[in-house]
Amino acid sequence: GSFRFAVFGESRQPATPLEKVLSLRLSEKINLYIEAAAFVGKGAQETAKTVEKPTVTTNTGYKSFEINDSLFLQLDTSAKGLRLSHREQWHWLLSQLDGYKGDNIFIFMADHPDSFSDPLEGKLLKDTLTNLRQSRVKNIWVFYKGTENKSKMDRGIKYIECAGFDAAGITPDNPDAALYTLVTVKGDKVTYEFKPII
């Protein structure tokens, strides 16, 4: 039941020759060694189009799928919130959460709930996830696009920020500054690490 998935922040198309090479390397690595991928952020997310594994892209729409009893939820926050992006999205999300009986839920969004245009909606989402974590789901992880690669635990929920090509210090002499998040799932044991693309 073990599997791995990669998460990369991408809110624009690769612009420089280095970014284009790194995008190609990342998709090759996913296709060869990793079971699924997620690209968080807004924009075209061109790299996702070259990935041949189950893929999440947060640039449009919402959906869900499962891998080995772990639930993957792609949320649409294109209008800086769930309700403004899709009126029915909250109802859909709650039905997904209510019906899930497994140990792991992975949520992917372009934005952190704290950046929603309606602060009360962002708080409601965080409270909903915390209540679910406290009642019956062992692991709930939220991935979103940001300007750094970092993680934070907030009331039992793991929030992971993924910078992609917006991380500081990415140059031809320092390509290792371009990191993706590699998540390893072994039953209800979930670990992660930030890894260089090359």
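The values are calculated or read from the model by the stated rules, or taken from the named source; none is laboratory data. All values reported here derive from a predicted model rather than from experimental measurement. Cβ coordinates were reconstructed from backbone atoms using ideal geometry, including for glycine residues, and neighbour counts include every protein chain displayed. The protein model used for the area step is the full one, side chains on, heavy atoms only, and it has no ligands, DNA or RNA in it. Shrake-Rupley method; radii C 1.70, N 1.55, O 1.52, S 1.80 Å.
For the range 91-100: of the residues being without any contact (Cβ under 8 Å) to a residue 12 or more places away in the chain and not small (Gly, Ala, Ser), which is surrounded by the most Cβ atoms within 10 Å (Cβ to Cβ)?
Once the filter is applied, the top-ranked residue is His91.
Specify the residue that is nearest to Val40 (Cα to Cα); the eligible residues are those in the range 116-130 that are surrounded by 14 or more Cβ atoms within 10 Å (Cβ to Cβ) and not acidic (Asp, Glu).
Ranking the qualifying residues of the range 116-130, first place goes to Phe116.
So which residues in the range 54-90 are aliphatic (A, V, I, L, M), surrounded by fewer than 19 Cβ atoms within 10 Å (Cβ to Cβ) and within 19 Å of Ile140 (Cα to Cα), if there are any at all?
Selection gives Ile67 alone.
With a cut-off of at least 2 residues that are of a type in the set (Phe, Trp, Tyr), name the strands (runs of 3 or more DSSP E) lying wholly within the range 57-119.
Strands (runs of 3 or more DSSP E) meeting the threshold: 104-109.
Among the listed residues Val142, Val137, Val185, which satisfies the condition of being part of a loop (DSSP other than H, G, I, E, B), open to solvent by less than 10 Å² (accessible area, probe 1.4 Å) and within 23 Å of Phe5 (Cα to Cα)?
Val137
Which of the residues spanning the range 101-115 are β-branched (Val, Ile, Thr) and either open to solvent by 20 Å² or more (accessible area, probe 1.4 Å) or over 10 Å from Ser70 (Cα atoms) (or both)?
Answer for the range 101-115, where residues must be β-branched (Val, Ile, Thr) and either open to solvent by 20 Å² or more (accessible area, probe 1.4 Å) or over 10 Å from Ser70 (Cα atoms) (or both): just Ile107.
What tally of residues in the range 162-179 results from selecting those that are farther than 15 Å from Phe106 by Cβ and either touching a Leu at 6+ places or on another chain (Cβ under 7 Å) or crowded, with 19+ Cβ neighbours inside 10 Å (or both)?
9
Within the range 1-44, track down each residue that is more than 18 Å from Ile170 (Cβ to Cβ) and either aliphatic (A, V, I, L, M) or part of a loop (DSSP other than H, G, I, E, B) (or both).
Gly1, Ser2, Ile30, Leu32, Ile34, Glu35, Ala36, Ala37, Ala38, Lys42, Ala44
Suppose we filter the range 168-198 for residues that are hydrophobic (A, V, I, L, M, F, W, C) and more than 29 Å from Thr130 (Cβ to Cβ); how many remain?
Of the residues in that region, 6 qualify.
Name the pairs: first residue in the range 102-113 and more than 17 Å from Gln89 (Cα to Cα), second residue surrounded by fewer than 23 Cβ atoms within 10 Å (Cβ to Cβ) and among the acidic types (Asp, Glu), Cβ to Cβ under 8 Å, at least 6 apart or on different chains?
Cβ pairs passing all conditions: Gly102/Glu66; Gly102/Asp69; Asp103/Asp69; Asp103/Asp188; Asn104/Asp69; Asn104/Asp188.
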